[in-house]
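The block underneath contains the structure these notes are about, expressed in structure tokens.
Just so it is clear, none of the values below were taken in a lab; they were calculated from the coordinates. Predicted, not measured: the structure shown is a model, and the values here were computed from it. Because the Cβ atoms are built from the backbone with ideal geometry, glycine has one as well, and the counts that use them run over all protein chains shown.
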Amino acid sequence: MNRTQTKETSHRPPQPGDHSSQQMVLCTICPHKGTACQEGFALMARLQKSIEAAGSSLAPDFEISGYAELTGCDRGCLLAYHGTKDETYLFGDIEKDADIPALVDYAQTHQGPLNRGDVPPVPARLTQRPASIMAMGHGALAV
């Protein structure tokens with residue numbers, strides 16, 4: 001997978017219409033900030049907006065995954081992202097080269113408990129739980 005760095009010097013908070021027809025279906029609180037990760041949400045929303053803009057030029061099974069360094073916050077951290085035409089995920093403060101398919105599986109499997117603030121056990125494929133998780137989709141994600 002390719003590692004992508006984002007270095008933004010200015011950022012405006014997400015505005016209505018910035019994200020796709022998808023809705024937030026999973027959001028955990030960043031333990032470092034005490035709130036949802038606004039910078040991460042903005043990155044995830046831009047990713048989904050770009051996927052939707054590409055429309056039918058993308059194959060039905062299109063997927064994109066990678067890493068980005070969050071620099072627009074007072075605490076830099078490594079993010080992982082995964083996007084398809086139907087859902088988009090963002091994982092905050094992860095280890096370098098974390099297993100993105102395992103992160104997505106963790107989010108899908110534990111969507112309900114994560115949304116309630118519970119901390120489900122981390123599967124063996126992951127060495128640590130991401131500090132925060134967000135997902136956008138068309139309604140509830142398939143579990």
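For the listed peptides 67-77, 34-44, a ranking on the average number of other beta carbons within 10 Å per residue, highest first, reads 34-44, 67-77.
Based on Cα contacts under 8 Å between residues 6+ apart, segment 23-137 shows a relative contact order of 35 percent. Placing dummy labels 7 Å off each Cα toward the beta-carbon, the span from Ala59 to Thr35 is 4.1 nm. Computed from point charges on the beta carbon alone (+1 for Lys and Arg, -1 for Asp and Glu), the dipole magnitude for segment 68-143 about its Cα centre is near 120 Debye. Taking Cα centre as origin and charging only the Cβ of basic (Lys, Arg, +1) and acidic (Asp, Glu, -1) residues, the dipole magnitude of segment 17-143 rounds to 240 debye.
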